[in-house]
Amino acid sequence: MNPDAHILWRGPRWKLAVLLACMGMLGPFSIDTYIPAFSGIARSLGATPVQMQQTLSAYLFGFALLNLFHGALSDSLGRRPVILWGIGVFALASVGCALSQTIGQLVFFRALQGMSAGAGMVVSRAIIRDMFPPADAQRVMSQVTIYFGVAPAVAPLVGGWLFVSVDWHAIFWFLALISAALWWAVWRALPETLHATQRQPVHVAPLLRGYVQMMRNPQFLMLALASGIPFNGMFLYVLSAPVWLGEILQLQPTQFFWFFCMSVSGIMLGAWLSGRLAGRIKPKYQIRHGFVIMLATSLANVLMNLLGTPHPFWAMLTVSIFSFGWALMVPVVTLLVLDLVPERRGMASSVQAFIGSMANGLVAGVIAPLVMHSAPALALTSLGMLGIGVVAWIWVKPRVT
C-alpha cells in the first residue's frame, strides 16, 4: 500500500470506485455494444458469419495477450501513463473501426481495440491495493464490481439503438467519444498511486524472471484459475445469447433485455454483499459461500435441462443466481492474488487477467459455437467451467490464511 495514499485521493471513496469501474468496463462494453449490429455489419462489408466471428476473436485474443504487459509496465512506468496510453490507443482504434471499409480492416482495428482495452481493467486492480488496506480494498473492489456490472446490460441497448437509429458506424464513433471523455477524466482526476520506492526497474531480464516466478507458483496459478475460469460458466450464456434466447427459449429480440437485466442484477447484488461482508468473516469463508451457490445452481440447471424443456424464467434465473455467487467471491480472490506478490501487484493483475481472458477467448471462439444449440450441452459445459474453479480452490484453500 502507498504510504501517502491518504493524501492522494481526498474525495469520496465511491467517486474513485466509479472512475476505476469506468476504466475497467471499457473492454466488456466494447464487446456487447456492437453485437446487436453483427448482421448489419456483415451485410455492409460483405462478410460471412465466420469472418464476423473473427472480429470478436481478434478482440478477445488481443485483449488477453496485452493483458500480460499492462500491469507489469505499470509497476515500472507508473499507473497513470499506462492507463492514459491504453485509453488513447483504444479511442484511435475505435475511429479506425468506424472508418473500416473491409472486414479485414475491421478485424485489424478490433484487435487493436482489444490490445489497449485491458489497460484500465488490469491497472485499476493494482490501484485499489495501492490505495487501501485489505478490508477497505475489498469494499472498493466490490463497489467497482457493482458499477462494472452495468456495462453488459446497458451496452446492447445502446448498440442496438445506435444501429437502428443511425448505422453500425455510429457504434464505434460512440466508443471513440466515450473513451476520449474517459481519457480526459483520468488525466484530470486520477493521481499516480505507485509510490516511487515501489517502482520496478525497466529491464527485460527481471521482468521475465517475474513472469517465470509467478507461472511457477502453484498457489498463484490456482487462485488465478479459481477467479477467472468460473466466470465463463456465466459468460458462455452471454456469448450464446442470440441462439440460446432466440432459438431454444423462443424469446423475441425485444425480450433479450430481461436476460441481461437479471444477470447484471445478480452481479450487482453479489458484489454489494461482498462489500458488506468485508472484514466481518474470513475471506476463505466468503469464497466458499460463493462457490457453494454457483455449484448448487449449476447442478440444478443441469438436472432441469436434462429432465425437460427449459422455461425462460428458470433458465435465466439460474444464470442470475450463478452470477450472484461469482460476484460474491471474486473480489476476495482477486485481492488474494494481488497480495501474493505485493512488490509486483501490477504484474500479478496482468497474469491473472491473461489467464481469464485466454479462457474467454477459447470459450468465444471454440466452445460456445459447439454447444450453443443445445440447452443440456450449455448447462453441462457451464458446470465444467465451474468445476475447474472448484478444484483449483479446493487445492489452494488450505494454503490461504
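A short reminder: the numbers here are calculations on the coordinates, not readings from a lab. All of these numbers come straight from a predicted model, not from anything done at the bench. Note that each Cβ is placed from the backbone with ideal geometry, even for glycine, and that neighbours are counted across all protein chains shown.
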Spacing of the two label points (7 Å from each Cα toward its C-beta) at Leu303 and Val154, in nm: 3.9
Among Pro81, Trp184, Leu56 the positive-end extreme of the charge dipole of the chain (Cβ point charges): Pro81
Cα gyration tensor of the range 5-399, axes a ≥ b ≥ c as square roots of the eigenvalues: rounded (a/c below 1.5), prolate (a/b > b/c) or oblate? oblate
May I ask for the distance between the Cα centers of the range 94-122 and the range 1-65, given as a whole number of Å? 11
Using only the Cα atoms of the range 154-259, build the gyration tensor, take square roots of its eigenvalues as a ≥ b ≥ c, and label the shape rounded, prolate or oblate: rounded if a/c is under 1.5, else prolate if a/b is larger than b/c, else oblate. oblate
Sort out for me the Cα centre separation of the range 227-261 from the range 335-397, rounded to whole Å. 18
Net length gained if the chain between Thr197 and Glu247 were fully extended (0.36 nm per residue, minus Cα distance): 12.3 nm
Placing each pseudo-label 7 Å from Cα in the direction of the beta carbon, Arg188 and Leu380 end up separated by a distance in nanometres of 5.5
Grab the Cα-Cα distance for His373 and Arg43, subtract it from 0.36 nm times how many residues apart they are, and report the gain in nm with one decimal. 116.4 nm
Determine, from the Cβ-Cβ distance of Arg280 and Trp314 and an R0 of 35 Å, the FRET efficiency 1/(1 + (r/R0)^6), rounded to the nearest 0.05. 0.65
For Met215, Met372, Met347, what ranking results if the residue with the fewest other Cβ atoms within 10 Å of its Cβ goes first? Met215, Met372, Met347
Note: Leu208 to Val391 extended length (0.36 nm per residue) minus current alpha-carbon separation gives 63.0 nm
Using only DSSP helix segments of four residues or longer, with each worth -39500 (n - 2.57), what per-residue ellipticity at 222 nm results for the chain after dividing by its residue count and rounding to 500? -26500 deg cm²/dmol
Hey, can you list the DSSP H helices of the chain whose Cα span along the axis is 24 Å or longer and whose average Kyte-Doolittle score is at least 1.6? 312-340, 375-396
Between Gln101 and Trp14, take the C-beta separation as r, use R0 = 41 Å, and let me know the FRET efficiency to the nearest 0.05. 0.40
With a point put 7 Å past each Cα toward its Cβ, work out how far Phe257 is from Asp167 in nm, to one decimal. 2.7
Only counting other Cβ atoms within 10 Å, I'd like His311, His169 sorted with the fewest neighbours first. His311, His169
Per-residue Cβ contact counts at 10 Å, fewest first, order Leu177, Leu225, Leu45 as Leu177, Leu45, Leu225
In terms of the Cα gyration tensor, with a ≥ b ≥ c the square roots of its eigenvalues, is the range 352-401 rounded because a/c is under 1.5, prolate because a/b exceeds b/c, or oblate? oblate
